[in-house]
Structures are given as structure tokens and as C-alpha cells.
Amino acid sequence: MKVIDISMLIEEDMLVYKNAESKKPIYKNMGNHENSNAHETKVTMDVHCGTHIDMPLHMIAEGKTLDTFDISRLICDCKVFDLTHLKEPVITKEDLIDLNIVEGDFVLFKTMNSYRDKGEGFDFDFVYLNEEGAKYLKEIKLNGVGTDGLGIERAQSNHMTHKLLLEDEVIIMEGLALKDVEPGSYQLIALPIKLKGTEGSWVRAVLIQD
């Protein structure tokens, strides 16, 4: 059995959406072995930082929150698709229709986003899923969709990619580290932190291959 960690490393200088300083984690040393009997660290961070899932409340008023979520949906079979060949930084319906995506699938999209070095800063031209692509996936009735971008959409009116998926409770996972992952079938385990009333959570996402 092979376990592949597809989570971003949480660190103070990590890559965050639009390089927003407010989204970067803040580490505070609450005690160390020089002045205390124990080493303790306080970390403050946005729930959309790093590898995370979005819940319906993120984009839909009165939408469901994390504590109402069935976590068994994030222990499942999944399919990784290599879309690094795309000529334009957008995933469309036409890019998806010939893939073997069926009802109940959890799909992960590996794109050129995976090859972005954090030292280069946020790529405002990152590969995203457009509205028509989201509508197509919604009609298939997916379990979930994951992307190696820090957002599943960008510069779209009314956030329709998010809304189309979340209104049908399709799980959205963002910030995956897929650079070293080959396309194929895996088992996904991506458990969220048990937070009350939030619109998302960080996950430690791994792929398991027999």
C-alpha cells in the first residue's frame, strides 16, 4: 500500500489566495522549554488557507455548515485526471466530456497549478473551472471535485462555479498538492477538523494506492 500526501504544508510564508496577508497563518510561541515545562504553539489561520473543503454556507445564504456534514463522503474512491495539457488556463465542459466521470465520483484535477513555486507568489492567471464545466459536473451528480488551485474559480460573475456545485452539496476541495501524483484511481482520505458552524475546514488529504 502506498500513501501519497496531497496536502499543502502550513507555514507562515505559505502561498495564499491573491497573496493576501490576512489569509496567512500566524504562529505564536506560547511557551518553550527555556521558560516552561512544555512547548506550546498557537496558530491563527483562515479556514480557506491551504488544503481545505468548502461547505454550502461559503457561497449560499443559510447553506449547510461543516458540523452537519457526513465525513464518510471524504473517505472514498477517487479519480485523478491530468489536465496539464490545457492550452488555456480554464477547465471547460469540452475538456471534461470525454473523461470517464460518472455519478458518485470524486474527481481531482491536476493542472499546471501544481507546478507553481510558492516563491513566485500567487498566480492570478491560475487554471480554474468555469461555469459550464461546473454545470456539467453538477448534472453528473458528483460526490466531490478537487483542484490544485487555491480557488476553483476566478474572475467569474456571482461565483457561479461555487454556487452550482454547492447548491447540490457537491464537495469542493481546493489547494491540493498534485505535482507528483500520476493520473488514475485511488482511495481518498481527507478528513476535516470538527468545527461548529463554519463554511469550511482544513483537511489533511492523502491518496492511497494498493
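The values are calculated or read from the model by the stated rules, or taken from the named source; none is laboratory data. Quick caveat, the model's predicted, so the values are computed rather than measured. Glycine gets a Cβ as well: all are built from the backbone with ideal geometry, and neighbour counts include every protein chain shown. The protein model used for the area step is the full one, side chains on, heavy atoms only, and it has no ligands, DNA or RNA in it. Shrake-Rupley method; radii C 1.70, N 1.55, O 1.52, S 1.80 Å.
Quarter the surface of the alpha carbon convex hull of region 19-77 and you get the mean projected area, 7.3 square nanometres.
Cross-link partners of Lys64 among lysines, defined as those whose alpha carbon lies under 25 angstrom from its own and excluding same-chain residues fewer than eight positions apart: Lys23, Lys135, Lys138, Lys141, Lys163, Lys194, Lys196. Bridgeable aspartates and glutamates around Lys24 (alpha carbons under 15 Å apart, same-chain partners fewer than 8 residues away excluded): Glu11, Glu12, Asp13, Asp46. Output the 0 to 90 degree angle, nearest 10, between the alpha-carbon long axis of helix 131-140 and the longest principal axis computed from the alpha carbons of the chain. Helix 131-140 sits roughly 80 degrees off the main axis of the chain. Here each label is just a point 7 Å from Cα along the line to Cβ, and for Lys194 and Leu9 those points are 3.0 nm apart. Listed by chain and number, the lysines whose alpha-carbon sits under 17 Å from that of Lys28, ignoring those within fewer than 8 places in the same chain, are Lys42. Between Met1 and Asp82, the modelled label-to-label distance comes to 2.7 nm, taking each label 7 Å out from Cα in the direction of the beta carbon. The residues of the chain expose on average 53 square angstrom of accessible surface per residue, using a 1.4 Å probe on protein heavy atoms.
Legend: translational diffusion of the chain by Stokes-Einstein, Rh = Kirkwood radius over C-alpha pairs, 25 °C, 0.890 mPa s; D = 139 µm²/s. Each Lys and Arg contributes +1 and each Asp and Glu -1, all at the Cβ; summed about the Cα centre of the chain, the dipole is approximately 400 debye. Take the convex hull of the alpha carbons in region 131-210; its mean projected area over all directions comes to 6.5 nm². Of the solvent-accessible surface of region 61-210, computed with a 1.4 Å probe and all protein chains present, 48% belongs to carbon and sulfur.
When the charge dipole of the chain is built from unit charges on Cβ atoms (+1 for Lys and Arg, -1 for Asp and Glu) and taken about the Cα centre, the candidate among Met55, Leu178, Gly119 whose Cα reaches farthest toward its positive end is Met55.
Residues whose amide H comes within less than 5 Å of that of Asp77, counting only those at least five positions distant or on another chain, are Leu188 (H built at 1.01 Å from N in the peptide plane). Sparsely packed loop sites in region 127-205 (the trypsin sites (Lys or Arg not before Pro) outside DSSP H, G, I, E and B with at most 15 other Cβ atoms within 10 Å) comprise Lys141, Lys179, Lys194, Lys196. Computed extension length for Ile71-Val102: 9.1 nm, one decimal, from 0.36 nm per residue of separation with the Cα-Cα distance subtracted.
Ellipsoid semi-axes for region 37-143, based on the Cα gyration tensor and the rule √(5λ), read 28, 22, 14 Å when sorted largest first.
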